[in-house]
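The values are calculated or read from the model by the stated rules, or taken from the named source; none is laboratory data. As the structure is a computational prediction, the values presented were derived from the model and not from experiment. FYI the Cβ positions are ideal-geometry reconstructions off the backbone, even for glycines, and counts take in every protein chain you see.
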Amino acid sequence: MNGFTVINKGLGLSSSDVVIKCRNALSHAINEKTKCGHMGTLDPMAEGVLIVAFGNATRLFDYLLTKEKSYEATFTFGEARDTIDRAGKLIATSQLPKYQSVLDVLPKFVGEISQVPPKYSAVNVNGQRAYDMARAGKEFKLEAKNVTVKDIAILDKTLIGDACQDITLSIACSSGTYIRSLCRDISQEVGACGYMSKLTRVNCGGYSLDDAVALKDFINKPLEYVRNVKEILQLVMPIIQLDDNTYVKLRNGRCIDIDLEDGNYGVEYNSNVCFIISVRRRKAKSACYLQD
């Protein structure tokens, strides 16, 4: 069983919780244990689109890393929390920023920006998860990384006079962008405390909430909601067909001459996308096996 599903993750569940429930449901349906993994973490306090892959489709993670994601996020000002979201402990307070000040700084966070991941995140630090080290009270430093924020638009706001209590934003960004870090940095830029009080991922890898299924519906009828690998793969690379001789050579690991531009290509054979080839300087080789 090689495929994927798009889950509308609810509040309170970790991405790992969803993976376990999906894996158990599908394994029971096909009477065989299947490999399962998600493609992009959503914290328990976040909801929305979560892509879950099965079998060899889990190997597609690296190929989907460059896909854009979109969120609706509410930032609440006047309080700071250790996790930078509503689940954390209150650690500081401040006055509310002027709404105009928030408007003025938002353009600074569009484009390629540098951000430090939250300490309460799944970032790997010398073989340990950052959130485990933070919970243990250990001191450590996370390195800044460059991410791209394509667009920020205001959806809603709550004002007290000319001060901003909270603001809801639509954010389109590259994979790897931490919305909590964006909240922290915007708050600091306007001289206030702030935390993320709500987060919904509305699009991931080309799939929106309209494409997603509730977890309970997947659990009840898993086979009904498993999508073909080709559907997701063609969002990130061309799908090609090869003659039998070329197919066999690449399938057996040989490097061949091929008249294609540099890049990755999915190879379709007998109505299945069987593997991915990597083409460099008109040379092709198999890069990722998916199925027979």
Next item on the list: Report yes if some residue within the stretch 105-115 is among the acidic types (Asp, Glu) and in a strand (DSSP E or B); otherwise report no.
Entry: yes
Next item on the list: All but one of (1) among the acidic types (Asp, Glu); (2) in contact with a helix residue (DSSP H, G or I) (Cβ under 6 Å, 6 or more places away or on another chain); (3) in the same structural domain as Cys36 (by TED's automatic domain parsing) hold for Glu189, so report the exception by its number.
Entry: (3)
Item checked: Members of the stretch 88-132 found to be modelled with pLDDT of 90 or more and small (Gly, Ala, Ser), listed by number -> Gly88, Ala92, Ser94, Ser101, Gly111, Ser114
Next item on the list: Inspect all residues belonging to the stretch 121-131 and state whether any of them is buried (at least 18 other Cβ atoms within 10 Å of the Cβ), in contact with a Ser or Thr (Cβ under 9 Å, 6 or more places away or on another chain) and among the β-branched types (Val, Ile, Thr).
Entry: no
Check: Is it the case that the stretch 79-93 has a residue that's within 30 Å of Ile277 (Cα to Cα) and either polar (S, T, N, Q) or assigned by TED's automatic domain parsing to the domain that holds Ala214 (or both)?
Finding: no
Checklist line | Every residue from the stretch 200-224 that is more than 13 Å from the chain's Cα centre (by Cα) and either crowded, with 18+ Cβ neighbours inside 10 Å or not charged (D, E, K, R) (or both) | finding: Leu209, Ala212, Val213, Ala214, Leu215, Phe218, Ile219, Asn220, Pro222, Leu223
Next item on the list: Filter the stretch 169-187 down to the residues that are closer than 18 Å to Leu42 by Cα and among the β-branched types (Val, Ile, Thr), then identify the one that is nearest to the chain's Cα centre (by Cα).
Entry: Thr177
Notebook entry, point to check: Taking the stretch 3-33 on its own, how many of its residues are more than 14 Å from Pro222 (Cβ to Cβ) and not small (Gly, Ala, Ser)?
Noted result: 5
